[in-house]
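Enquirer: Below you will find the structure I want to go over with you.
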Amino acid sequence: MTLTTTPSTTPSTTPHIPHWIDGARREGASGRTGEVTDPATGEVTGHVALAGVEEVDAAVASAAAAFLAWRDTSLARRTAMLFRFRELLNARKPELAAIITAEHGKVLDDALGEVSRGQEVVEYACGVPSLVRGGFTENASTGVDVHSVRQPLGPVAVISPFNFPAMVPMWFFPIAIATGNTVVLKPSEQDPSAAVWLAELWAEAGLPDGVFTVVQGDRVAVDRLLEHPDVRAVSFVGSTAVARHVYETGTRHGKRVQALGGAKNHMVVLPDADLDLAADAAVNAGFGSAGERCMAISAVVAVGGIGDDLVARIAGRTATLRTGDGRKGCDMGPLISRRHRDRVASYVDAGELQGADVVVDGRQVTPDGAEDGFWLGPTLLDRVAPDMSVYTDEVFGPVLSVLRVDTYEQAVALVNANEYGNGTAVFTNDGGAARRFQHEVEVGMIGVNVPIPVPMAYYSFGGWKNSLFGDSHAHGADGVHFYTRGKVITSRWLDPSHGGLDLGFPRNG
Ligand code: NAD
C-alpha cells in the first residue's frame, strides 16, 4: 500500500474511503486524501480521507454525545449487542478477509485467521457482566458495608497499524464498548476499508450512533486525538518511535495511554530440540504474513553446534514456498508498499555487505502475481552478527536471520540485550531448560515449542521494554481494567444508635 497525500482536490476515479461519524459514512472535508493500493498489483484502488482537526473534533463530539446514554445502557442490553455483532461477524468474515487481502496483501487464509483472533476478543467481551463485577463486604465495621464498582471512562481513541487492520482494532474496541465507553478508531491510512466495514457491521447489529466512530487520517488526526480534552484514554499500536510519541504526548495531556510498539522476536533453539519441528516453526513464524507481524520470528538463535543442520532444514523448507497474489492460494503475499518492500530489501543488501551468508535470496523471487506487485520472497541469512543492521533494527519483512551461539547463557544474554521484548520462543525437549528460560528472559510473551505465542483473548497481550509504553497490556483482564476506573462505596443505613459527635479519624469497630 502506498500513500500519497494530495494537497487539495479529491480524485474521483477510484472509490473514496470515508470516515464513519454519527452512524453514517462521511466524506472527507480537509481536502487531503491518501492513495490506497493493492499490493499484489501495485494499482491504486481507492483514496482515503485524511482528517483535519475539525473532522477529528466532530468525531470526538459524536462519541462524547453518545457516551452518557451508552454508559447507562444496562449490561444486559450491551451484552445482547455484542452477541449480535459476534454473530454477524462470524457469518460474514470472508467479506472482511477479502477486504484485508485487497489492501494489505496477506493471503486470504491468513486474513481469515486475523479476523478469527479478533472475534475471540468479541466473545470474551460478551462476558462483560462478570468481567466488571465488583466486590461487596458486609459489616466491615458495625453496620457498615463496603462495595466496589468499575465505571467507564468516556470517549476513548484506538489508533492502529497497517499489519492487522481488523484484529488489532478488535483487541480494544469490543472491551471498550462492552464496558460502557464510546470509541473513536483511527485506522492505518494504508488499509483503511476494514474499519468502515466493521462500523457498518456495528450499525447493523443496532449499536447507537456515536458509540463506534471511525476517523480516517494520518499524524494530523493522531495528534489531535492525543490533545483533545474529551478523549479519556488512548490505545495505540505501531512502531516504537510513534508509540513513544503517543505515550509521551497522551500522558502529558492527562490521558490513560497504552502504546504497543515494535518488536524483534528471537527463537532460541537448544541442541536437544527436534530440529524438524523447529525448522517448520521458524519458516511459519518467519514468513507468514510476509514477516509483517509484530510476533513474527525475526532471529533464530542456534545454540551449541546445531547451526549447519538447522539452517539446511530451514533452507529446504523455505525453497518450497510460493510467493504471490494472496487470492491465488500462495503461501506468502506481497509487502504493504513499494517503499516498505525496498526498505526491507535494503536490509538484506546491508547484511550481505556486512558479511552475512545469503542462503535463500528473496530478492530474486519469481512471484505468482502481477509485475508491479510489491514482491520480496522469503529470505534466509546465516551467520548474522549482533551488530549488523538486519539484526539491530526491526525489519518487518520476510527475512529470517540465523545467529549462532555456543551456550544457553549466551542465547539468553542476546535476547535480553535487545531493546525490544515483545515475543520469544524456546525450542527444546528439556522441561528444566524451558522453565529456566521463561523465568530468566525479559520478554512479555513466551512460547515453549510455540513460535508465535499470541495470548488468548482472556489473557493479555503485550511486550516489555521498547515494545510497550504504559502499564496495561491489551485485552484480557488488563483490557477491562484499562477501560474502567474503580470506585469504592462505604455505606451505613442510619438508625438512632448511630448518633453522637466524634471528630476522630474513622476506625473499625
Ligand atoms: P506506524 O507507527 O507507522 O503507524 C501506526 C499508526 O500511527 C497509524 O495509524 C499511523 O497513521 C500513525 N502514525 C504514523 N506516523 C505517525 C506520527 N509520526 N505521528 C502520529 N501518528 C503516526 O506503524 P505501521 O507501519 O502502521 O505498523 C507496523 C509497526 O507496528 C511495526 O513496528 C510493528 O512491530 C508494530 N506493531 C506492534 C504490535 C504490538 O503488539 N506490539 C502489533 C502490530 C504492529
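The values are calculated or read from the model by the stated rules, or taken from the named source; none is laboratory data. Keep in mind it's a predicted model, so treat the numbers as computed, not measured. Positions of Cβ are generated from backbone atoms using ideal geometry, with glycine treated the same way; all protein chains shown enter the neighbour counts. Please note that ligands, DNA and RNA were not included when accessible areas were found on the heavy atoms of the full protein model with its side chains. Shrake-Rupley method; radii C 1.70, N 1.55, O 1.52, S 1.80 Å.
Enquirer: Could you run the Karplus curve 6.51 cos²θ - 1.76 cosθ + 1.60 with θ = phi - 60° over the stretch 83-89 and give me ³J(HN,Hα) per residue in whole Hz, x for Gly and Pro?
Expert: Computed from phi, the couplings for the stretch 83-89 are 4, 5, 4, 4, 5, 5, 4 Hz.
Enquirer: Here is a follow-up. With just the Cα atoms of the chain, tell me how far they stretch along each of the three principal axes, in Å, largest first.
Expert: That works out to 86, 62, 40 Å along the principal axes.
Enquirer: Amide H to amide H under 5 Å from Gly52: which residues, 5+ apart in sequence or cross-chain, H placed 1.01 Å off N in plane?
Expert: Ala29, Ser30
Enquirer: Still on this structure, please answer the following. Got a sec to turn the phi values of the stretch 44-52 into Karplus ³J(HN,Hα) couplings, 6.51 cos²θ - 1.76 cosθ + 1.60 with θ = phi - 60°, whole Hz, x for Gly and Pro?
Expert: 6, 10, x, 10, 9, 5, 10, 5, x
Enquirer: With the crude spin-label approximation of a point 7 Å out along Cα→Cβ, what separation in nm comes out for Ser491 versus Arg363?
Expert: For the pair Ser491/Arg363, the computed spacing is 7.1 nm.
Enquirer: When the C-alpha atoms of the stretch 265-448 are aligned to their principal axes, what extent does each axis show, in angstrom, from largest down?
Expert: Cα extents, longest axis first: 50, 30, 29 Å.
Enquirer: Taking the full set of protein chains and a 1.4 angstrom probe, give the accessible area of Val480 in square angstrom, rounded to the nearest 10.
Expert: Accessible surface of Val480 is approximately 10 Å².
Enquirer: Enter the Cα centre distance for the pair the stretch 139-212 and the stretch 54-126, rounded to the nearest angstrom.
Expert: What the calculation gives is 9 Å, centre to centre.
Enquirer: Also, I was wondering about something else. Run the numbers for Asp22 and Asn429: contour at 0.36 nm per residue of separation, minus the present Cα-Cα distance, in nm.
Expert: Result for the pair: 141.0 nm of gain on full extension.
Enquirer: What is the sum of charges, Lys and Arg at +1 and Asp and Glu at -1, for the other residues whose Cβ falls under 12 Å from the Cβ of Leu96?
Expert: Combined, the nearby Lys, Arg, Asp and Glu give -3.
Enquirer: A further question on this structure: Under a 1.4 Å probe, what is the accessible area of the stretch 331-416 per residue, stated in Å²?
Expert: 41
Enquirer: So what is the calculated 222 nm ellipticity per residue for the chain, using -39500 (n - 2.57) for each DSSP H run with n of 4 or more, over all residues, to the nearest 500 deg cm²/dmol?
Expert: Result for the chain: -12000 deg cm²/dmol, rounded to the nearest 500.
Enquirer: Leaving out ligands, DNA and RNA, what percent of the accessible area of the stretch 360-509 is carbon and sulfur, probe 1.4 Å?
Expert: 52
Enquirer: Once ligands and nucleic acids are excluded and a 1.4 Å probe is used, how much of Asp471 is accessible, expressed in Å² to the nearest 10?
Expert: Result for Asp471: roughly 150 Å² accessible.
Enquirer: Give, as a single signed number, the net charge of other residues whose beta carbon lies under 15 Å from the beta carbon of His19, with Lys and Arg counted +1 and Asp and Glu -1.
Expert: Result for the local shell: -4.
Enquirer: Per residue, what accessible area does the stretch 141-295 have, given a 1.4 Å probe and all protein chains present, in Å²?
Expert: Ligands and nucleic acids excluded, the figure is 25 Å² per residue.
Enquirer: So what does Phe136 come to for accessible area, using a 1.4 Å probe and Å² rounded to 10?
Expert: Ignoring ligands and nucleic acids, Phe136 comes out at about 130 Å².
Enquirer: Moving to a separate point now. By accessible area of protein heavy atoms, probe 1.4 Å, what ranking do Phe396, Phe505, Phe461 get, highest first?
Expert: The residues order as Phe505, Phe396, Phe461, largest area first.
Enquirer: Next question, about the same structure. Relative to the longest principal axis of the C-alpha atoms of the chain, give the angle of the C-alpha long axis of helix 431-440, reported between 0 and 90° and rounded to the nearest 10°.
Expert: In the chain, helix 431-440 runs at an angle near 60 degrees to the longest axis.
Enquirer: Moving to a separate point now. Once you have the Kirkwood Rh of the stretch 435-509 from its Cα pairs, apply Stokes-Einstein at 4 °C and 1.567 mPa s and quote D in µm²/s.
Expert: Translational D for this selection: 76 µm²/s.
Enquirer: Counting only DSSP beta bridges with both residues in the chain, tell me the antiparallel percent, nearest 5.
Expert: Around 45 percent of the beta bridges assigned by DSSP in the chain are antiparallel ones.
Enquirer: Count the DSSP beta bridges whose two residues both fall in the stretch 265-448, then state the antiparallel fraction as a percent rounded to the nearest 5.
Expert: 10
Enquirer: Take the solvent-accessible surface of the protein heavy atoms, probe 1.4 Å, and return the percent of it on the stretch 157-268 that carbon and sulfur atoms account for.
Expert: 47
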